[in-house]
């Protein structure tokens, strides 16, 4: 033995494990969450976890001679010599077991000379030397029957086993394929199912890190980082969904959005070259009866790509123009980048220089790189005062009437090579480097933007960010970045959004139709169908690609596109209910089947279906030319949304899928709220609401508030309980705090429609 166990000491819920040559601290956060920490001298607080998450928890520590045993109501942790730690659930099923052997790196048949030659030619060597020269690593055993999920929106399939990934936020414009080890976000949280038993591991380290999930060797997975403390969280729970609930308790949940954010959003790099172009798009959306709530403004609206400016030559009165669009039912979502143009006459640059708000070279001079505006400098978002300054500058956009802010290029991206590791960034009150702050740069920018919008708009902030770290979901919606008009990218949308949802980022989307390359009519149609329930529902395309508005493709594309936009709006009350529930349990709108049915082996590697809450199953067509597809229905009974045919679950069925059909199934004995047909989401509350019963009987709780601000936090919301059977229905108010409750409620049974009116005297709903 190299490092023998020497005993332990307990203070409150911290257990210091003493070894011959080291020590490790285990902290009991909750019965289901245990932190493992070893101090390597790294200062600074967590960016993912805010506030004290520890709750009073009963636990025991017993000395069994050859090991210590820490037990809570949910977990058993066994601690051995050599800092080995094994984790079991309360019933003794192994979850996270330290690997006893040594790593066996893949033999790639490269000697040193050939490795240099390959690198000189411009090729990346998978699993290369960078990952092998790490500061520390954690190696865990892999069972034969073990699946791994999470890690945000990494490329590839739902089950991450057999792949390797880097956590280093990266803007790579090449078409993203499953061999990509890194994208725009670093979310080092993995969920596992070991022999059907769930667990979670969250490695809270912002430095560059690497996860090999059984690629190197089928017998183990490992995590390594180039610097920082050893700091990870063991997360337990009886089911996979409990792991998500516990993880989001730790890192935060997506706050309730404004209701209109669930509406359709139209975007293209190039719309904002002129107000005339924007108005043309707005007009065509309405002329073609295409519901839409938001038009996005990419970088062209700015004055020479200077953030917090408008091009006043083109947009002579931005406030009036934004107001005009608002009158047509459109909100404006402008983009901003972190790169501030180096221009001595530019207000933002002058302020930042005067106050010392930009990141610096080691010699104390301001660091300069190139982005869209040319030579640019970068705000030091790790400092609270810089975040506040950025937040205050958001007022300029709020005052023009914009509805939110879209943060882009915040990996941070730079055109003249990556920012060197030694560039000086701030880590709270400590000076640090780009090496540490890179992965949290987008997180801090999103937080600053969120706080600015909250302060000056007094509405629930709508922020979109491209780059993120674990916990960014508290401040921002995300999308998967610059995808392409490729069928594999349509296919990848489902596992990407599902894994993002399991990683805390429940409000997410892709660029519908693809950002780069040229979409076809069939691809665009299948994409708008497949993404029907993605929380962020945005069509976005790059300048220089084929126009991607549905009217460009003529019929039948236009009519099918309209059909699904209108269907999306019908489902918005249901989606808003799921947003409300997510604030309580961390479970998202769009889920992989395994999250709801983790004991069904058939769904553990399923990439082409997803669920919406517990109630809907969606099986999109993601293959070109496919007009039939197999649909797996999990346990229970299911009703075809389109024709009402019932099917028993735990089997596959063959479904006809003509170009206008999205296979969609409702779990039997479910109530779904059904919104009105509208062109956009109004600020005015609905006076009526309809609930549809699928099956013979069901109960459903529906949430209602003003959909805009924070009044609900003070109790200004309503909760309705609808109970229905084929014999009738009842409606009860479980909470009555919002005075704009529905005047009428309709309940649609299989063969009749019931009407209920609100009686202000009794504060109840009475059937008519």
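What follows is calculated from the coordinates using simple rules that are stated; it is not laboratory data. Computed from a predicted structure; not experimentally measured. In this analysis, Cβ positions are derived from the backbone assuming ideal geometry, glycine residues included, and neighbour counts consider all displayed protein chains.
Odds and ends about this structure:
- Under 19 Å from a label point set 7 Å out along the Cα-to-Cβ vector of residue 763, the amide N atoms of the range 668-710 belong to 702-706.
- Remark: relative contact order (the range 617-740) = 18 percent; criterion is Cα-Cα distance under 8 angstrom and separation of 6 or more residues.
- Summarising the label geometry, the points placed 7 Å from Cα in the beta-carbon direction at residue 421 and residue 345 lie 4.2 nm from one another.
- Rg/Rg_globular for the range 447-490, with Rg_globular taken as 2.2 N^0.38 Å and Rg from C-alpha atoms: 1.47
- Global geometry of the range 1-92, whether rounded, prolate or oblate, following the gyration tensor of its Cα atoms and the 1.5 cut on a/c: oblate
- Alpha carbon Rg of the range 176-251, scaled by the compact-globule rule 2.2 N^0.38 Å: 1.17
- Working ranking of peptides 292-300, 641-649, 704-712, 276-284 by packing, defined as the average number of other Cβ atoms within 10 Å per residue, highest first, is 292-300, 704-712, 276-284, 641-649.
- Tensor-based shape of the range 365-442 (alpha-carbon gyration tensor, a/c under 1.5 rounded, otherwise prolate or oblate): oblate
- When the range 208-318 is reduced to its Cα atoms, the Kirkwood hydrodynamic radius in Å: 19.4 Å
- The tail of the calculated P(r) for the range 684-767 beyond 20 Å holds 32 percent of all Cα-Cα pairs.
- Gained length - residue 710 relative to residue 645, 0.36 nm times residue gap less alpha-carbon distance: 19.2 nm
- Translational diffusion of the range 135-276 was estimated from the Stokes-Einstein equation, with Rh taken as the Kirkwood radius over Cα pairs; at 20 °C and 1.002 mPa s the coefficient is 126 µm²/s.
- Antiparallel bridge percentage (DSSP; both residues within the chain; nearest 5): 80 percent
- Multiplying the residue separation of residue 674 and residue 327 by 0.36 nm and removing their Cα-Cα distance gives an extension gain of 122.3 nm.
- Cα gyration tensor, the range 631-672 - rounded (a/c under 1.5), prolate or oblate: oblate
- Alpha-carbon Rg/Rh ratio, for the range 590-667, with Rh computed the Kirkwood way: 0.93
- Mean separation of Cα pairs under 8 Å and 6 or more residues apart, divided by the residue count, gives the range 684-767 a relative contact order of 30 percent.
- Computed over the chain: relative contact order in percent, which uses C-alpha pairs under 8 Å that are six or more apart: 10 percent
- Hull shadow area, averaged, the chain [alpha-carbon convex hull, nm²]: 34.7 nm²
- Net lengthening on full extension, residue 370/residue 567 (0.36 nm per residue, minus Cα-Cα): 66.5 nm
- FRET efficiency, 1/(1 + (r/R0)^6) with R0 22 Å, evaluated for residue 54 and residue 23 via beta carbons: 0.65
- Computed over the range 203-245, the alpha-carbon pair-distance distribution with 5 angstrom bins reads 5, 19, 18, 17, 25, 14, 2, each value a whole percent.
- Globularity index of the range 415-454, i.e. its alpha-carbon radius of gyration over 2.2 N^0.38 Å: 1.33
- Listed peptides 337-346, 471-480, 168-177 by packing density, highest first (mean Cβ within 10 Å): 471-480, 337-346, 168-177
- Among beta bridges identified by DSSP and lying wholly in the range 201-313, the antiparallel ones come to about 80 percent.
- The range 684-767 - share of DSSP beta bridges that are antiparallel (%, nearest 5): 85 percent
- Cα→Cβ-extended label distance, 7 Å offset, between residue 110 and residue 288, nm: 4.7 nm
- Overall size of the range 46-121 from C-alpha positions, given as principal axis extents largest first: 58, 36, 21 Å.
- With coordinates expressed along the principal axes, the C-alpha atoms belonging to the range 559-604 extend over 40, 28, 9 Å, beginning with the largest.
- Value of D in µm² per second that Stokes-Einstein yields for the range 346-406, Kirkwood Rh from Cα pairs, at 4 °C (1.567 mPa s): 101 µm²/s
- Helical runs assigned H by DSSP (4 residues or longer) give the chain a calculated mean residue ellipticity at 222 nm of -6500 deg cm²/dmol, each run adding -39500 (n - 2.57) before division by the residue total.
- Semi-axes of the equivalent ellipsoid for the range 1-50, computed as √(5λ) from the eigenvalues of its C-alpha gyration tensor and ordered from largest down, come to 22, 15, 9 Å.
- Per residue Cα convex hull volume in Å³ - calculated over the range 619-754: 152 Å³
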